[in-house]
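Participant: Structure below; questions to follow.
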Amino acid sequence: MNTHQAELDTRGLNCPLPILRAKKSLSQLTTGEILQIRATDPGSVKDFEAFCKQTGNELLSSSEVGGEFIFLLKKQ
Amino acid sequence: MAKRLKAAERRASILAVAKVLFADKGYHGVAVDEIASRLGVSPAVLYHHFPSKEALYGEVLDTLAAQRESYVDAALQSPDDFGSVLLRMTLVFASSVARDPDYLKMEMLSTLEGAQVARQFFESHWKSFSDYIEYSMRELSQQNAVSQINPRTAGLMFQGMVREALYAKCILHSSRYQSTHLPDLITQLVGLFLNAIQYKE
């Protein structure tokens, strides 16, 4: 299991805010550190895949429990 | 395998025809018999794929949701200040509505009909804008980069302005705005909005 160094709560927010806030949070981390993001927007699954593809950060995991999505992103 | 593909094709054709009819007449204005007749099949064929008209309507909305526009590009491109991101998002949304105006017609009719599922669906689409405007304006007002306007009211103003432009261009095809291309109209309106909130980059 990956431990994370920072957390971001974007529950209740629609795209693009979770993406913009993730970008800001990642900018405060150093390479290799992990950010955990919580979201409720079902579109966030595709959005974070696209985000990581475009920014080069690594999507370590993406999971859903009871309508809540949890993503682990590793800063590159 | 061929049979499964045929079933998938049938399902897709039902959804396509149902979407056009729901967009023209609303949920209550369309009977299952009419959808079946338009497809040249019996109502039993429809019920084989969808248990009820409500389920079919829900699937039409789900299909629209799956085709939903992504704002990831709009958010990540440069410049990344509030005004530039808002303009790119609005242009993405407008071009997506222009490609499929049935979306807007269904929204309009569902508002009048009070269909809860549809209302939630369409509100969720506008929420991307209201969330972004509210959250950003709160941050920007702390830096005195926007005037002290209630961000929620500003979001409502923005939504009304953009929705009206989309109605005029994509549904009513109003002659008054015929000479202005949709992206130009949207760019002008976003500029007016940014002026109204006294946005300083």
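The values are calculated or read from the model by the stated rules, or taken from the named source; none is laboratory data. Small disclaimer: the values here were computed from a predicted structure and weren't measured. For neighbour counting, all protein chains shown are included, and Cβ atoms are generated from backbone atoms with ideal geometry for every residue, glycine included.
Participant: Taking the criterion of being crowded, with 17+ Cβ neighbours inside 10 Å, within 14 Å of another protein chain (Cβ to nearest Cβ) and modelled with pLDDT of 95 or more, would at least one residue in the stretch B:63-82 satisfy it?
Facilitator: Within the stretch B:63-82 (the criterion being crowded, with 17+ Cβ neighbours inside 10 Å, within 14 Å of another protein chain (Cβ to nearest Cβ) and modelled with pLDDT of 95 or more), the answer is yes, since at least one residue qualifies.
Participant: Any residue that is closer than 25 Å to B:ASP24 by Cα, in a helix (DSSP H, G or I) and outside the structural domain of B:VAL30 (by TED's automatic domain parsing) - is there at least one of those in the stretch B:180-198?
Facilitator: Yes: one or more hits.
Participant: Which condition number in (1) surrounded by 14 or more Cβ atoms within 10 Å (Cβ to Cβ); (2) touching a helix residue (DSSP H, G or I) at 6+ places or on another chain (Cβ under 9 Å) is the one that B:LYS127 fails?
Facilitator: Only one criterion is unmet by B:LYS127, namely (2).
Participant: Then there is this: Just a yes or no: is a residue in the stretch A:11-25 over 24 Å from B:PHE121 (Cα atoms) and touching a residue at least 40 places away in the same chain (Cβ under 8 Å)?
Facilitator: Yes, some residue in the stretch A:11-25 is over 24 Å from B:PHE121 (Cα atoms) and touching a residue at least 40 places away in the same chain (Cβ under 8 Å).
Participant: Related question: For A:ASP41, are the conditions met, namely being within 11 Å of the chain's Cα centre (by Cα), closer than 24 Å to B:GLN120 by Cβ, within 13 Å of chain B (Cβ to nearest Cβ) and of a type in the set (D, E, K, R)?
Facilitator: Values: within 11 Å of the chain's Cα centre (by Cα): no; closer than 24 Å to B:GLN120 by Cβ: yes; within 13 Å of chain B (Cβ to nearest Cβ): yes; of a type in the set (D, E, K, R): yes.
No; evaluated as a whole, the condition is false for this residue.
Participant: I've got another one for you. Give the stretch B:97-124 a look and list any residue that's under 17 Å from B:LEU172 (Cα atoms) and among the hydroxyl-bearing types (Ser, Thr, Tyr), or say none.
Facilitator: Step one: filter the stretch B:97-124 for residues under 17 Å from B:LEU172 (Cα atoms), giving B:97-109.
B:TYR103, the sole residue that qualifies.
Participant: Here are some residues: A:GLN5, A:GLN76, A:GLN36, A:GLN28. Which one is buried (at least 17 other Cβ atoms within 10 Å of the Cβ) and either more than 14 Å from chain B (Cβ to nearest Cβ) or farther than 20 Å from B:ASP73 by Cα (or both)? Talk me through it step by step, then tell me what you get.
Facilitator: Working: A:GLN5 fails: buried (at least 17 other Cβ atoms within 10 Å of the Cβ); A:GLN76 fails: buried (at least 17 other Cβ atoms within 10 Å of the Cβ); A:GLN28 fails: buried (at least 17 other Cβ atoms within 10 Å of the Cβ).
None of the others qualify; the one that does is A:GLN36.
Participant: Just to be sure, is B:VAL117 within 14 Å of chain A (Cβ to nearest Cβ), within 21 Å of B:THR63 (Cα to Cα) and either in contact (Cβ under 8 Å) with a residue 12 or more places away in the chain or not in a helix (DSSP H, G or I) (or both)?
Facilitator: When the stated conditions are applied, B:VAL117 does not pass them.
Participant: A further question on this structure: Collect the residues in the stretch A:27-55 that are assigned to a loop (DSSP other than H, G, I, E, B) and at pLDDT 95 or above, keeping them in residue-number order. Outline the logic, then answer.
Facilitator: Of the stretch A:27-55, the ones assigned to a loop (DSSP other than H, G, I, E, B) are A:28-33, A:40-43.
A:GLN28, A:LEU29, A:THR30, A:THR31, A:GLY32, A:GLU33 - these are the residues of the stretch A:27-55 that are assigned to a loop (DSSP other than H, G, I, E, B) and at pLDDT 95 or above.
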